[in-house]
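All remarks here apply to the structure that follows.
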Amino acid sequence: MRVFGAENIPKTGPIVLAATHPNSFLDAMLIGSALSRPTHFLARGDAFNHATAAKILGSLNMLPIYRLSEGKENLSKNNETFDACQAILEANQIVLIFAEGISENNWELRTLKKGTARIAKKAWMSESDSKNLQIIPVGITYEHYQGEGKNILINFGKPIHKEAYNYQKNEAMFVKELNEDLCKNFEELAYINKDMSTSKEDYQFFSFRFNRLVNHSKLSGAQIINNLKIDTKESLNRSYPSFIKATLLFWPFYLFCKWLAPKIVKQKIFLDSIIYGLFLILWPLYLVILGLTLQLIFHFI
């Protein structure tokens, strides 16, 4: 994973991170790991349906946001979440929202929702410290979504300020203008191609170029995205000696997590997140088992 533009995030003050959303909960975990400041995350509401899950997710600074598909009766609960976001911003902290509202494992940019504009307007019209809110666009690009060994690029863009908008009068126009600006930023910060698919020949060239640019170049994040957009065919002479060596240690554990993840959740969009979570939780146990196994082997040798 390579991260660019983290210097665009102010050390203090209220911040909304408006990000693309290609890979479910994993997007929030990776963005959070790239930040030095505590961050609160907006997550799909149906994950909070059970009281125990809601308590655990809440302890991880996650807030529920409900969509119409999760029940019309739940939409009113979003008011509580937006009030909570306002309180977080008044405390000069960070809120992460995924501007598309939904997550899909592809390289397409979906229609942006109203959530980012709604949070921003409430903050900017306040008399509290939240009126100094800055919006930071965030683009996430994955090499692929299924399987091990993926490269990931995270780009934090330049801040968006309230002075550029007439948010006090025409709310519909404000939502439209802010979302248009976010879309322009996302196109510079993330690789967006609605026609890209892992089943197509072009994907092999994209994957090869992405791996080379992320791991073997000194280009900036924006320059990497621009190079990915170039329509050229390159020789696919891939070599992964270091990757193979590292994988030998992880492979048995990874295969176990990959086997277990679909038994925990059926929807493919969550598999990467569940596998990542299993790695974090079970890694100490795996090291103990691995150590004991090696001791036995060396004992009998």
If a residue has to be within 15 Å of Glu148 (Cβ to Cβ) and touching a helix residue (DSSP H, G or I) at 6+ places or on another chain (Cβ under 7 Å) to count, how many in segment 245-282 make the cut?
-> 13
Scanning for something crowded, with 17+ Cβ neighbours inside 10 Å, part of a strand (DSSP E or B) and under 16 Å from the mean Cα position of the chain (by Cα), does segment 108-126 turn up at least one residue?
-> no
Residue identified as in contact (Cβ under 8 Å) with a residue 24 or more places away in the chain and either over 26 Å from Phe250 (Cα atoms) or among the aliphatic types (A, V, I, L, M) (or both) among Asn193, Asn227 | Asn193
Test: residue in segment 258-278 that is touching a residue at least 24 places away in the same chain (Cβ under 8 Å) and more than 24 Å from the chain's Cα centre (by Cα) | no
Scanning segment 247-276 for residues that are modelled with pLDDT under 90, among the basic types (Lys, Arg) and assigned to a helix (DSSP H, G or I) gives Lys268
Scan segment 192-225 for residues that are surrounded by fewer than 14 Cβ atoms within 10 Å (Cβ to Cβ), assigned to a helix (DSSP H, G or I) and at pLDDT 90 or above and jot them down.
-> Gln223
Lone qualifier among Asn79, Asn92 - being part of a loop (DSSP other than H, G, I, E, B), modelled with pLDDT of 90 or more and within 26 Å of Trp124 (Cα to Cα) | Asn92
Filtering strands (runs of 3 or more DSSP E) wholly in segment 8-71 for at least 1 residues that are within 11 Å of the chain's Cα centre (by Cα) and in contact (Cβ under 8 Å) with a residue 24 or more places away in the chain gives 15-19, 39-44
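The values are calculated or read from the model by the stated rules, or taken from the named source; none is laboratory data. In this text the structure is predicted, and so the values were computed from the model without any measurement. Don't worry about glycine lacking a Cβ; one is built from the backbone with ideal geometry, like all the others, and counts go over all protein chains shown.
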